[in-house]
Amino acid sequence: MTEFTIVIEDAGANYAAYAPDVPGCIATGASVAEVTATLRDASAEHIEILRGMGEDIPVPHSHAAVIHVAS
């Protein structure tokens with residue numbers, strides 16, 4: 001099992017997510033939980049397709065952090 005960092009964005013009517021280390025793979029969902037599950041499934045399928053095509057499998061390199069900025 002591989003662990004990928006994902007970015008979840010509030011798109012107003014729903015949520016959108018992507019994994020910086022899995023280019024071309026995105027997902028949307030009505031909630032954070034839904035978009036996370038959808039992206040997990042989409043990423044697994046994406047990697048299987050890459051594997052079947054003989055392409056390189058993404059390697060996790062990204063990290064995320066929260067910073068506090070004075071406003």
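The values are calculated or read from the model by the stated rules, or taken from the named source; none is laboratory data. Since the model is a prediction, treat every value here as computed from it, not as a measurement. Quick note on the areas: whole protein, heavy atoms, side chains included, nothing else; ligands and nucleic acids left out. Shrake-Rupley method; radii C 1.70, N 1.55, O 1.52, S 1.80 Å.
Excluding ligands, DNA and RNA, the accessible surface per residue across the chain is 75 Å² with a 1.4 Å probe. Comparing mean-square fluctuations of 17, 33, 42 from a GNM of the chain with C-alpha springs under 10 Å, the top value falls on 33. For the chain, the longest principal axis of the C-alpha atoms and the axis of helix 32-52 are separated by about 20°.
Roughly to the nearest percent, how much of the accessible area of the chain is carbon and sulfur, given a 1.4 Å probe? List each step's numbers first, then the result.
Values: 2990 of 5310 Å².
The value for the chain is 56 percent carbon and sulfur by accessible area.
For the chain, what is the mean residue ellipticity at 222 nm derived from helices alone (per DSSP H run of n ≥ 4: -39500 (n - 2.57); sum divided by total residues; nearest 500 deg cm²/dmol)? Could the numbers behind the result be given before it?
Values: 1 runs with 21 residues, N = 71.
It lands at -10500 deg cm²/dmol.
For segment 12-23, 3J(HN,Hα) computed residue by residue from phi via the Karplus equation (6.51, -1.76, 1.60; θ = phi - 60°) reads x, 8, 7, 10, 10, 9, 8, 10, x, 8, 10, x Hz, glycine and proline entered as x. With Cα atoms as the point set, the radius of gyration and Dmax of the chain evaluate to 13.7, 49 Å.
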